[in-house]
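Data block below; observations after.
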Amino acid sequence: MNFNVNFRDIVFQLTPFFLRQRKVLLYIYSLIKGLKDVNVMFLAYYDRTQRVLKHNAQTIYIEHYLNLEYDPVNEGIYIENISSNVIQYRYNIAEAQPPLYIYNLYNHATAYVIGEYISYGNTIYECIANTTGNYPSDPVYWTATAEQIFYYNDGETDSTYNFIIWIPDGIKIVCGYPNYTTFTAKANQFVFSDKKYIIQTY
């Protein structure tokens, strides 16, 4: 959810056009300065809280342990806290919101050229040198540009799970594969008894 409120734009839009004179707008802006300051303080608090929730010791330890066991080279296993998902809205072009793009998942067999974008893990990467078969974690060929945003339907967000363990598609740790039971047993060693999770590939 976007808590960053553009007070100046709101005031401008709600003020009748015949009152949109510089002095009137400046006077109204001065009246709402306190609200703007409170919003800035709230955003700072929200960012600090989200960082703490996202990078708690349990999450970091489980990610590190599972990557050492199953993906020590690329370290592509990561944990997403479902309860902290941010709801993303799609806007009409007239609303003048920053654009959101949909990127293809990284494919190890695909040839990429400079300037192409892909999603890998929880990040969007830009290709900076022509490559085939080099993972986005290689800084010679890829550079991270932004954090990835996921769109979920109502059924996915209304879940009884607390978090998702995301695993690269090349590591076959899903139901039906022999190492699924071993993987879940190792993960369960470090998961609190009241927490539930699901394993998904990307």
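What follows is calculated from the coordinates using simple rules that are stated; it is not laboratory data. All of these numbers come straight from a predicted model, not from anything done at the bench. As a convention, Cβ positions derive from the backbone with ideal geometry for all residues, glycine included, and neighbour counts pool all protein chains shown.
Fewest first, what order do VAL11, VAL140 take by the number of other Cβ atoms within 10 Å? Spell out each step's value before the answer.
Details: VAL11 16, VAL140 9.
Exposure proxy ranking, most exposed first: VAL140, VAL11.
Between LYS195 and GLU69, what length in nm is gained on full extension when 0.36 nm per residue of separation is reduced by their alpha carbon distance?
On the way: separation 126, 0.36 × 126 = 45.36 nm, distance 2.17 nm.
The LYS195-GLU69 span can extend by a further 43.2 nm.
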Ranking of GLU116, GLU69, GLU95 by count of other Cβ atoms within 10 Å, fewest first: GLU95, GLU69, GLU116
